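Colleague: Dumping the structure here so I can ask a few things about it.
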Amino acid sequence: MPYANSNGVKLYYEEAGTGTEIIFLHEFAGDHRSWEPQMRYFSTRYRCVCYNARGYPPSDIPANISDYNQENQADDAVNVLDHLGIDKAHIVGLSMGGFATLHFGLRHPERAISLAVTGCGYGADKGNREQFLSEAEKVALQYDNNGSVAVADFYSLSSTRVQFQNKNPRGWAEFKTQLGQHSATGAANTMRGYQKTRPSLYDLEGQLTKLYVPTLIVTGDEDEPCLEPALYLKRAIPSAGLSILPRSGHTINLEEPDVFNSVLHAFITTVDNGRWEVRDPRSLGSAMLGPEENK
């Protein structure tokens with residue numbers, strides 16, 4: 001099996017295709033297999049890489065919860081690129097991977113051709129922060145006490161996953177099965193060390209306003225915890241565009257693979273052609289008056 005070393009942690013990865021590189025960072029409930037529709041689609045044109053985050057076998061499962069944090073998640077992606085001899089890549093992440101993608105851009109902007117931050121925002125709302133932390137600990141305890149299969153039984157039926165089940169029962173069943181195959185220890189450590197400790201997006205505004213890497217924000221319109229944060233990110237990041245997928249939940253790359261791939265491909269192509277620019281400041285003025293009349 002191919003592994004990259006990230007500061008002593010072995011990370012299992014897969015790659016396919018040739019050309020400009022794209023690296024995919026998976027969500028908490030997924031792993032490298034979650035990106036199969038994107039690996040198949042984009043590897044006909046690009047060199048595509050996906051890997052299992054720390055805590056997701058066959059990647060290593062660090063014993064210390066402190067080893068699971070936002071900085072390590074972003075830096076793991078850099079170390080995978082280093083292992084493969086890749087200088088810069090398009091970085092694509094969903095949910096947990098979306099947060100890692102965003103922080104990759106903040107920590108290592110020179111290594112990113114672009115950032116696709118998708119399904120990102122749960123836990124950001126400060127008004128619901130305590131609820132988020134409480135629910136995260138409950139999930140971690142379920143992993144401790146009952147194991148991954150039991151967690152998959154309820155986690156796969158959350159308010160932002162039922163859209164996937166309704167549209168594609170077979171695909172959703174595969175997602176649920178794979179979720180139940182995760183390491184209970186690795187998942188509990190990830191939930192406690194990474195999910196519960198990552199900063200709210202709203203605390204990053206000073207950094208976000210200085211992020212000029214081409215950025216695409218994507219979310220489903222029924223992914224309620226991510227809707228407002230997605231709009232916030234669009235407004236805060238000068239180089240950001242926003243795409244909202246209709247009648248869609250959280251697992252958008254699997255739930256709507258054709259639409260997701262189309263939106264992502266258009267973004268990457270635009271960036272590669274040098275046509276993705278920062279927001280024109282005139283778009284922040286009056287919706288009726290021109291810049292001169294608005295003075």
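Colleague: Relative contact order for segment 117-188: what is it in percent, counting Cα pairs under 8 Å that are at least 6 residues apart? Can you show the working numbers first?
Modeller: Working: 46 pairs, mean separation 25.9, N = 72.
Once divided by the residue count of segment 117-188, the mean separation gives 36 percent.
Colleague: Still on this model: Calculate the tail of P(r) for segment 106-168: the fraction of all Cα-Cα distances greater than 18 Å, expressed in %. Intermediate results must be reported in sequence, preceding the final value.
Modeller: Details: 1161 of 1953 pairs.
Summing the P(r) of segment 106-168 above 18 Å gives 59 percent of all pairs.
Colleague: Can you compute the equivalent ellipsoid semi-axes for segment 141-222, i.e. the square root of 5 times each eigenvalue of the Cα gyration tensor, sorted largest first and rounded to whole Å?
Modeller: On the way: eigenvalues 168, 82, 21 Å².
Semi-axes (√(5λ), whole Å): 29, 20, 10.
Colleague: In terms of Cα to Cα distance under 24 Å, which lysines are near enough to Lys167, apart from those fewer than 8 places away along the same chain?
Modeller: Lys176
Colleague: Based on C-alpha coordinates, I'd like the Rg and Dmax of the chain, in Å.
Modeller: 18.6, 65
Colleague: Would you mind checking the radius of gyration and Dmax of segment 1-122 based on alpha-carbon positions, in Å?
Modeller: That works out to 12.9, 39 Å for Rg and Dmax.
Colleague: Considering Cα pairs under 8 angstrom that are at least six residues apart, work out the relative contact order of the chain and quote it in whole percent.
Modeller: Values: 551 pairs, mean separation 53.5, N = 295.
Contact order relative to length: 18 percent.
Colleague: Taking a 22 Å limit on the Cα-Cα distance, which of the listed pairs Lys138/Lys196; Lys126/Lys234; Lys88/Lys210; Lys88/Lys126; Lys196/Lys234; Lys126/Lys196 fall beyond it? Provide the component values of the computation, followed by the final result.
Modeller: Details: Lys138/Lys196 11 Å; Lys126/Lys234 18 Å; Lys88/Lys210 19 Å; Lys88/Lys126 34 Å; Lys196/Lys234 24 Å; Lys126/Lys196 13 Å.
Violating the 22 Å Cα-Cα cut-off are Lys88/Lys126; Lys196/Lys234.
Colleague: What residues qualify as long-range amide H neighbours of Arg54, i.e. H under 5 Å apart, gap of 5 or more or another chain, H built at 1.01 Å from N?
Modeller: Under 5 Å from the amide H of Arg54 lies no amide H from a residue far enough along the sequence or on another chain.
Colleague: Output the direction-averaged projected area (hull surface divided by four) of the convex hull of the alpha-carbon atoms of segment 63-128, in nm². Walk me through the numbers on the way to the answer.
Modeller: Details: hull surface 21.0 nm².
Convex hull of Cα atoms, orientation-averaged projection: 5.3 nm².
Colleague: Hey, another quick one. Which net charge results when you count Lys and Arg as +1 and Asp and Glu as -1 among the other residues whose beta-carbon is under 11 Å from that of Arg111? List each step's numbers first, then the result.
Modeller: On the way: positive: Lys88, Arg107; negative: Glu21, Asp75, Asp82, Asp87, Glu110.
Here the count lands on -3.
Colleague: Hydropathy at least 0.0 by Kyte-Doolittle, axial extent at least 18 angstrom from the Cα trace: which helices of the chain, defined as entire DSSP H runs, fit? If you can, show how the numbers build up before the last one.
Modeller: Values: long enough: 70-83 (20 Å, -1.10); 129-146 (25 Å, -1.13); 224-236 (19 Å, -0.18); 257-272 (22 Å, 0.67).
Helices passing the filter in the chain: 257-272.
Colleague: Taking neighbour counts of Cβ atoms within 10 Å as a proxy for exposure, in what order, fewest first, do Leu106, Leu211 appear?
Modeller: Values: Leu106 18, Leu211 21.
Arranged by neighbour count, lowest to highest, Leu106, Leu211 become Leu106, Leu211.
Colleague: Moving to a separate point now. Count the net charge of all other residues whose Cβ sits under 12 Å from the Cβ of Ser158, scoring Lys and Arg as +1 and Asp and Glu as -1. Intermediate values should be presented prior to the final figure.
Modeller: Working: positive: Arg161, Lys176; negative: Glu135, Asp153, Glu222, Asp223, Glu224.
Around Ser158, the surrounding residues sum to -3.
Colleague: Turning to a different aspect of this structure: Kindly identify segment 208-295 as rounded, prolate or oblate by the Cα gyration tensor criterion: order the square roots of the eigenvalues as a ≥ b ≥ c, call it rounded if a/c is under 1.5, otherwise compare a/b with b/c, prolate if a/b is larger, else oblate.
Modeller: prolate
Bear in mind that the values in this text are calculations on the coordinates, not laboratory data. Keep in mind that what you see is a predicted model, and the values were worked out from it rather than measured. Neighbour counts are summed over all protein chains in view; Cβ atoms, including those assigned to glycine, are modelled from backbone coordinates with ideal geometry.
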